[in-house]
Amino acid sequence: MSRTLPPPGATAWDFPRSAAGVRHLVGYAERAGLPVAPLLVGSGLRAEDLDRVQVVTAAQELRVVRALARLLPDSGADVGRRYTAASFGVMGWAMRASATLGEAVGIALSFIDLSFAFVIPQARLEGEPGEERVVAELDATALPRDVRRWLLERDATAVATVLTSLVPGGVGLVQVVEGDRATLTFPARELDRPLVRERGADHAAAEAACQALALPRRERTGVVADVRVLVAQRLRDGAPMAEVAAALGVTERTLRRRLAAEGTGYRALVEEVRSGLAAELLAVGLPVADVAARLGYAETAPLTRAHRRWTGRPPSAAR
């Protein structure tokens with residue numbers, strides 16, 4: 001049977017990611033008896049905001065990783081063992097809704113930018129027909145040196161742990177970490193093993209949800225992607241440009257210039273973020289007043305005017 005493995009959906013680690021990754025790290029630190037506040041220093045995140053923030057920049061999560069690795073330098077692999085497919089939200093849902101292990105692996109590779117990975121796995125098939133093996137390589141050399149080994153051990157162990165958990169008895173996986181690289185191998189025939197799916201699991205719907213989440217993120221890259229994330233985190237306070245520029249380590253003037261080079265402006269991005277979040281929050285039935293507060297409006301009237309401008313309809317029509 002001919003098999004192929006898709007290329008990863010991201011080739012670099014600097015993509016926006018779910019804040020669940022930071023919450024996972026903070027939860028591990030708390031269980032180890034560490035205070036949370038020192039882990040968040042320099043990240044622009046506060047402990048009281050972690051349950052509210054949905055997306056963080058790679059740089060923000062890297063700050064937390066760096067603090068945890070400094071305090072618990074040998075914890076990378078142990079952190080990796082704490083992940084399950086469910087840890088990865090909609091991507092994990094799609095993996096668990098897959099019919100076979102191969103289908104789940106394809107989802108994980110195609111939507112790796114919906115995970116918390118910093119070391120991007122590259123997978124291929126090797127060997128003669130009937131003796132083929134899946135070989136996944138993780139190369140951490142592009143990461144900052146001080147967190148390279150910690151992240152390599154975490155990510156390689158997380159991949160191995162989640163993969164093994166999907167089928168009873170595991171897949172005979174062999175994990176080797178040497179220097180700044182790790183290799184995971186297992187027999188390719190394991191890709192055909194069926195998964196025990198949850199009742200009513202709908203793989204097509206789950207994959208479509210992954211697409212819907214990933215595509216908007218992929219359309220905005222670089223500084224624009226980071227600005228969108230930082231704006232979303234600060235909407236309740238009006239998303240002041242000075243705060244976002246400071247979080248990026250640049251002046252407002254430099255930020256304006258960089259956004260202009262990408263064909264957009266700061267206010268346009270604030271509007272873009274607000275309109276997108278409004279659609280999401282109204283679609284799940286959140287009251288208009290609550291949506292207005294989350295978007296940084298003091299009352300509902302400005303949201304109503306903005307929503308008519310975005311869609312031609314009042315917010316109540318979108319609920």
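Only the coordinates and a few stated rules stand behind these numbers; no lab work does. If you're wondering where the values come from, they're calculated on a predicted model, not measured in any experiment. Every residue, glycine among them, receives a Cβ derived from its backbone with ideal geometry; neighbour counts consider all protein chains shown.
Computed values, structure above
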{"quantity": "Environment charge at residue 106 (Cβ cut-off 12 Å; Lys +1, Arg +1, Asp -1, Glu -1)", "calculated": "-1"}
{"quantity": "Under 18 Å from the residue 219 label point (7 Å along Cα→beta-carbon), backbone N, region 275-290", "calculated": "275-283"}
{"quantity": "Relative compactness, region 232-277, computed as alpha-carbon Rg over 2.2 N^0.38 Å", "calculated": "1.11"}
{"quantity": "C-alpha long axis of helix 300-311 to longest principal axis of the chain, angle in °", "calculated": "60"}
{"quantity": "Vicinal HN-Hα couplings computed from phi for region 134-143 (Karplus, 6.51 cos²θ - 1.76 cosθ + 1.60; Hz; Gly/Pro x)", "calculated": "7, 10, 10, 10, 10, 10, 9, 5, 7, 8"}
{"quantity": "On Cα atoms only, tilt of 101-110 relative to the major axis of the chain in degrees", "calculated": "40"}
{"quantity": "Karplus 3J(HN,Hα) series, Hz, for region 164-176 with 6.51 cos²θ - 1.76 cosθ + 1.60 (x for Gly, Pro)", "calculated": "5, 6, 6, 10, x, x, x, 10, x, 6, 10, 10, 10"}
{"quantity": "Residue 246 versus residue 128: modelled label distance in nm, points set 7 Å from Cα along the beta carbon direction", "calculated": "6.6"}
{"quantity": "Gaussian network model of the chain, Cα within-10 Å springs - most flexible of 288, 105, 147", "calculated": "288"}
{"quantity": "Footprinting exposure proxy for 120, 107 (fewest neighbouring C-beta atoms within 10 Å first)", "calculated": "120, 107"}
{"quantity": "Dipole of the chain [Lys/Arg +1, Asp/Glu -1 at C-beta], most positive-end residue of 273, 316, 160", "calculated": "316"}
{"quantity": "Whole-number D in µm² s⁻¹ for region 17-192, Kirkwood Cα-pair radius fed into Stokes-Einstein, 37 °C, 0.692 mPa s", "calculated": "196"}
{"quantity": "Label-zone membership for region 7-27, site residue 99, 7 angstrom Cα→C-beta point, backbone N under 17 Å", "calculated": "none"}
{"quantity": "On Cα atoms only, tilt of 252-261 relative to the major axis of the chain in degrees", "calculated": "70"}
